[in-house]
Amino acid sequence: MGERHEDGHTDGLVLEVLFAGAMRDGVLDPEGERRAVDAFRAARDAGTHHARTRRQDDWRAG
Amino acid sequence: MQAYDGELGAAVAGAQRGDEAAFADAYRLVQPGLLGYLRGIVGDEAEDVASDAWLEIARDLGRFKGDGAGFRGWTATIARHRALDHLRRQRVRPRPATLEQDVLELPGPHSTDDQALEALSTERALALVRTLPPDQAEAVLLRVVVGLDGPAAARVLGKRPGAVRTAAHRGLRGLARGLGAEGVTNDDPHTLGEST
């Protein structure tokens with residue numbers, strides 16, 4: 001029973017790794033990155049990055 | 001995720017100081033997991049929804065406070081809201097259920113455990129996720145694909161950590177059954193690296 005439990009544990013981790021890899025697979029679209037960086041630049045230059053932190057934006061630990 | 005999260009934390013800090021290259025680094029570190037998560041809940045429209053999410057992330061970047069792991073949680077929350085908006089709009093304009101047909105055309109589980117665990121394409125992983133109840137699918141996607149810990153996943157979903165933990169375990173068991181993998185169906189609370 002002990003060995004079977006260990007196999008299940010290992011298989012569970014393998015499943016997670018394979019699943020994560022399969023779902024994250026794919027080449028990133030350079031156009032998508034360009035659009036995001038353009039939006040970042042626009043927001044930065046417009047001074048939008050000085051906005052206050054709302055509760056939903058605060059992800060500090062503890 | 002620890003090494004990546006340190007790198008991600010530094011990229012976010014740089015981006016918040018106005019460094020464009022740092023923002024691009026943050027994008028590359030976050031986008032694979034974010035896209036994988038969105039594929040699981042909106043399928044083919046994932047890239048469009050991710051694009052909407054990044055506009056909001058880029059705009060509200062200055063508001064964010066936290067480290068790399070926190071940034072993954074914050075961006076996942078934004079992406080989730082965009083996905084739910086997308087799904088709500090879709091209900092107004094009904095679309096053909098093509099995914100069910102794709103699932104029916106997939107080959108059955110392989111005969112051996114090794115083969116079942118080795119041959120896991122994106123298409124198959126996606127089809128399996130879509131067979132799960134939505135709460136289980138989201139819990140698994142946030143924990144395993146985005147890489148959030150239990151409390152962060154619970155915060156993104158607006159649920160109790162215990163409920164999310166249960167949903168994730170059930171979801172993983174459902175995926176394992178779908179793959180036909182033996183020995184993975186044990187109810188092992190350590191599988192997700194839980195410390196609590």
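Observations on the model:
- B:R93 passes every criterion in (1) modelled with pLDDT of 95 or more; (2) surrounded by fewer than 18 Cβ atoms within 10 Å (Cβ to Cβ) apart from (1).
- Filtering the range B:42-58 to residues that are of a type in the set (D, E) and within 18 Å of A:A51 (Cα to Cα) leaves only B:E56.
To keep it simple, each residue is scored yes or no on (1) more than 7 Å from chain A (Cβ to nearest Cβ); (2) surrounded by 19 or more Cβ atoms within 10 Å (Cβ to Cβ).
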{"site": "B:E7", "(1), (2)": "yes, no"}
{"site": "B:A13", "(1), (2)": "yes, no"}
{"site": "B:G18", "(1), (2)": "no, no"}
{"site": "B:R39", "(1), (2)": "no, yes"}
{"site": "B:V42", "(1), (2)": "yes, yes"}
{"site": "B:I57", "(1), (2)": "yes, yes"}
{"site": "B:W74", "(1), (2)": "no, yes"}
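- Per-region count, the range B:141-151, residues crowded, with 24+ Cβ neighbours inside 10 Å and in a helix (DSSP H, G or I): 6
Here's the yes/no breakdown for (1) in contact with a Leu (Cβ under 8 Å, 6 or more places away or on another chain); (2) at pLDDT 95 or above; (3) outside any helix (DSSP H, G or I); (4) farther than 30 Å from B:G14 by Cα:
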position: B:L87; (1), (2), (3), (4): no, no, no, yes
position: B:E100; (1), (2), (3), (4): no, no, no, yes
position: B:G108; (1), (2), (3), (4): no, no, yes, yes
position: B:E138; (1), (2), (3), (4): yes, yes, no, yes
position: B:A153; (1), (2), (3), (4): yes, yes, no, no
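- Members of the range B:118-153 found to be farther than 17 Å from B:L38 by Cα and without any contact (Cβ under 8 Å) to a residue 24 or more places away in the chain, listed by number: B:E118, B:A119, B:P151
The values are calculated or read from the model by the stated rules, or taken from the named source; none is laboratory data. Please read all numbers here as calculations on a predicted model, not as lab measurements. A quick note on method: Cβ atoms are made from the backbone with ideal geometry, for glycine too, and the neighbour counts reach across all protein chains shown.
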